[in-house]
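Heads up: the structure comes next, in structure tokens.
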Amino acid sequence: MEFDSHMSGVVLAATATVNVLAPGWSRGRQYLPPIGDELAEQVREALRSGVRRADAPIFPSQLEELAGYLTELRVMFFLLDSGDLDGACELLNKMIIDAEAMPTLSRHDGEPWHLHFHSPDASWAQGWAGAMATGLAMVLGSAMHDRLGLCSAPACDRAYVDTSRNGTRRFCSTACQNRVKAATFRERERQRAPSTPAADQP
Ligand SMILES: [Zn+2]
């Protein structure tokens with residue numbers, strides 16, 4: 001399933017970046033974002049996971065500005081996960097205004113004309129925040145709004161985009177899917193095992 005190739009990339013980049021920046025739980029372990037150069041590198045990787053040409057180095061001030069915008073996106077995922085679509089949409093509208101998102105046709109670097117979602121003079125972080133907010137708004141404003149979620153495995157709260165054909169994804173990763181499968185299997189085995197006779201107990 002594709003929302004639209006560029007928009008879909010931006011939505012994937014937004015989700016991956018939120019996951020890098022947000023402390024919480026990831027795949028069974030407590031998660032704290034890295035700091036300094038490592039954080040910049042991981043955010044760059046996250047952006048590139050959706051938008052391949054996002055390969056410029058990121059400066060600390062840019063990172064801080066982007067993190068400020070993306071705090072709201074993290075909250076948006078929580079609202080969606082709790083079934084509050086109204087709240088999530090209101091929050092995205094606020095983010096669109098904060099980031100001064102504005103559709104603008106642009107042509108640069110030998111590319112054909114294409115649509116940007118930020119004004120030509122937006123800062124780097126504002127540009128990304130505007131594009132991410134617009135991309136996510138297109139998802140929330142469509143029948144695909146239930147394609148965004150938070151991992152339902154224990155000790156994990158990472159966000160995901162469900163791009164599967166049937167839209168039944170529940171986990172952030174195969175790692176979490178396998179953890180849950182293994183736990184279900186162990187629980188079944190435990191229930192099947194004969195209980196210890198009372199007489200053997202001290
Ligand atoms: Zn997970």
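The values are calculated or read from the model by the stated rules, or taken from the named source; none is laboratory data. All of these numbers come straight from a predicted model, not from anything done at the bench. Cβ sites come from the backbone with ideal geometry, for glycine too, and all protein chains shown count toward neighbours. Surface areas here come from the heavy atoms of the whole protein model, side chains and all, with no ligands, DNA or RNA. Shrake-Rupley method; radii C 1.70, N 1.55, O 1.52, S 1.80 Å.
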Computed over the chain: longest principal axis from alpha-carbon atoms vs helix 60-81 long axis, angle to nearest 10 degrees, is 50
Once the piece of chain linking ARG48 and THR174 is laid out straight, how much longer is it, given 0.36 nm per residue of separation minus the C-alpha distance between them? 43.3 nm
List the cysteines in the chain whose Cβ has no other cysteine Cβ under 4.7 Å from it. CYS89, CYS176
To the nearest 10 degrees, how steeply does helix 174-192 sit against the main Cα axis of the chain, on a 0 to 90 scale? 10
If one builds a Gaussian network model of the chain from Cα atoms under 10 Å apart, the most fluctuating residue listed among GLY83, GLY135, GLY127 is GLY83
About its Cα centre, what dipole magnitude does the stretch 1-101 give when the only charges are +1 on Lys and Arg Cβ and -1 on Asp and Glu Cβ, stated in debye to the nearest 20? 360
Find which of SER26, ALA129, HIS114 sits farthest along the positive direction of the dipole of the stretch 5-147, computed with +1 on the beta-carbon of Lys and Arg, -1 on that of Asp and Glu, about the Cα centre. SER26
For the stretch 18-95, which whole-number percentage of the solvent-accessible area (1.4 Å probe, protein heavy atoms only) is attributable to carbon and sulfur atoms? 53
I want to verify a result. In a Gaussian network model of the chain, Cα cutoff 10 Å, which of these has the top mean-square fluctuation: LEU79, LEU32, LEU47? LEU32
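Given 0.36 nm per residue, what is the gain on full extension from ASP109 to ASP84 after removing their alpha carbon distance, in nm?
Value of the extension gain: 4.9 nm.
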Could you tell me which of rounded, prolate or oblate describes the stretch 59-100, using a ≥ b ≥ c as the square roots of the eigenvalues of the alpha-carbon gyration tensor, with rounded for a/c under 1.5 and, failing that, prolate when a/b is larger than b/c and oblate otherwise? oblate
Checked against the positive end of the charge dipole of the chain (+1 on Cβ of Lys and Arg, -1 on Cβ of Asp and Glu, about the Cα centre), the farthest of GLY141, PRO57, ALA175 is ALA175
Once you charge only the Cβ atoms, +1 for Lys and Arg and -1 for Asp and Glu, what is the size of the charge dipole of the chain about its Cα centre, to the nearest 20 debye? 1100
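Give the accessible surface of the stretch 5-147 per residue, rounded to a whole number of Å², with probe radius 1.4 Å and ligands, DNA and RNA excluded. Mind showing how you got there, number by number?
Numbers: 7650 Å² over 143 residues.
Averaged over the residues of the stretch 5-147, the accessible area is 53 Å².
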Just order 153-162, 37-46 by mean Cβ neighbour count inside 10 Å, highest at the front, would you? 153-162, 37-46
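Taking the inverse of the average 1/r across all pairs of different Cα atoms in the stretch 5-147, what Kirkwood radius in Å do you get?
Numbers: mean 1/r = 0.0644 Å⁻¹.
Radius from the Kirkwood sum: 15.5 Å.
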Most positive-pole-ward Cα, THR15, LEU79, MET95, against dipole of the stretch 5-147 from beta carbon charges: THR15
